[in-house]
Amino acid sequence: MEILGKGAEAEIYKEGNKIIKDRISKGYRLKELDEKIRKLRTKSEKKLLDKASEIVNVPKILNQEKFKLELEFIEGLKLSEYLDKLETKNEVCFKIGKELSKLHEKEIIHGDLTTSNLILKDKKIYFIDFGLGFVSSKIEDMAVDIHLFRQALESKHYKIYLECYESFLKGYRTFSKYLEVIKRLDKVEKRGRYKDRL
Ligand SMILES: Nc1ncnc2c1ncn2[C@@H]1O[C@H](COP(=O)(O)OP(=O)(O)O)[C@@H](O)[C@H]1O
Ligand SMILES: [Mg+2]
C-alpha cells in the first residue's frame, strides 16, 4: 500500500490497481457532525463520478463504503507533471476544453480543475477528483471552472500557458453557452484580482 496524498479531508492510497480515497475524521468536529459531513462528501463524489462517467472518462468505482471510495487506478500521465513535456500539449489542452464542455453541457461543475486532477491515458483525458464538484446550471459556476484552470496553467505551466489556454478555449468552444461563459469569465477574473479564490 502506497500513500499518494494526504489532502485536507481525504487520504489517498494506492493498492495494486486500486485507489482508495478515505475521508478521514476531523478531530475538531463534533462526532455526529463529522460523520455526517464525511458520509455526505463520499456520497456526493460517487454521485458525480456516476453522472460524469456517462459523458467523459473517469475512474470506475470499484467499491463504496460509508467514508471510502475504491476507484480504478488510471495508469497514465498526470498532467501537472507531464503537460510541459508533451509534444502534443496543444492537442491535449484542446481535448480538455472539449471534454469540459461536455461536462458543462450536463451541468456538472468539476470544482477543482487543475492539471493535478487530469490524467492522460491512451490519448484520452481522464478527469479525477470530483470531491469539490457539484451540479449547477449557473453560468457563473462554469466560468469559475474555466478561471481555476486558467490560473493552474498560468502558475504551474507558465512557459506554455498562453498557447495551451488558447487551445483549451478552442476545445471549449463546442459548448452551447460558450459566449455567455466567456463574458462572465471577464467579471470573475476582474474580481479575482483582489479576491483570489472564492
Ligand atoms: N483514479 C486515480 N488514478 C490514478 N491516480 C489517482 C487516482 N485518484 C487519485 N490519484 C492520485 O492521487 C492524487 C490525489 O487524489 P485526489 O482524488 O485528487 O485527492 P485530493 O482531494 O487530495 O486532491 C491525484 O492527484 C493523483 O495523483
Ligand atoms: Mg486532487
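The values are calculated or read from the model by the stated rules, or taken from the named source; none is laboratory data. Nothing here was measured: the structure is a model prediction, and the numbers come from that model. Glycine gets a Cβ as well: all are built from the backbone with ideal geometry, and neighbour counts include every protein chain shown.
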Looking at segment 17-71, which of the residues that are modelled with pLDDT under 95 and small (Gly, Ala, Ser) is farthest from ligand 1 (Cβ to nearest atom)? 27
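Please indicate, with yes or no, whether at least one residue in segment 12-24 is within 16 Å of ligand 2 (Cβ to nearest atom), free of Cβ contacts under 8 Å to residues at least 12 places away in the same chain and within 19 Å of residue 119 (Cβ to Cβ).
Of the residues in segment 12-24, the ones within 16 Å of ligand 2 (Cβ to nearest atom) are 12-14, 19-24.
Restricting the remaining residues to those that are free of Cβ contacts under 8 Å to residues at least 12 places away in the same chain gives 12.
Checking the rest, the ones that are also within 19 Å of residue 119 (Cβ to Cβ) come to 12.
Within segment 12-24, one or more residues are within 16 Å of ligand 2 (Cβ to nearest atom), free of Cβ contacts under 8 Å to residues at least 12 places away in the same chain and within 19 Å of residue 119 (Cβ to Cβ).
Is it the case, given these coordinates, that residue 135 is modelled with pLDDT of 95 or more, surrounded by fewer than 17 Cβ atoms within 10 Å (Cβ to Cβ) and β-branched (Val, Ile, Thr)? Give the steps one after another, and end with the answer.
Values: modelled with pLDDT of 95 or more: yes; surrounded by fewer than 17 Cβ atoms within 10 Å (Cβ to Cβ): yes; β-branched (Val, Ile, Thr): yes.
Here the answer is yes, as residue 135 does meet what is asked.
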Can residue 141 be described as over 23 Å from residue 163 (Cα atoms), within 13 Å of ligand 1 (Cβ to nearest atom) and in the same structural domain as residue 165 (by TED's automatic domain parsing)? no
Please state which of the following conditions residue 115 fails to meet, knowing it meets all the rest: (1) outside the structural domain of residue 23 (by TED's automatic domain parsing); (2) touching a Gly at 6+ places or on another chain (Cβ under 9 Å); (3) hydroxyl-bearing (Ser, Thr, Tyr). (2)
Looking at residue 119 and the list (1) under 17 Å from residue 17 (Cβ atoms); (2) surrounded by fewer than 22 Cβ atoms within 10 Å (Cβ to Cβ), which single condition is not satisfied? (2)
In this structure, is residue 147 touching a helix residue (DSSP H, G or I) at 6+ places or on another chain (Cβ under 9 Å), closer than 28 Å to residue 6 by Cβ and within 16 Å of ligand 1 (Cβ to nearest atom)? no
Name every residue in segment 58-91 that is in contact with a helix residue (DSSP H, G or I) (Cβ under 8 Å, 6 or more places away or on another chain), more than 16 Å from ligand 2 (Cβ to nearest atom) and touching a residue at least 60 places away in the same chain (Cβ under 8 Å), in order of residue number. 89, 90, 91
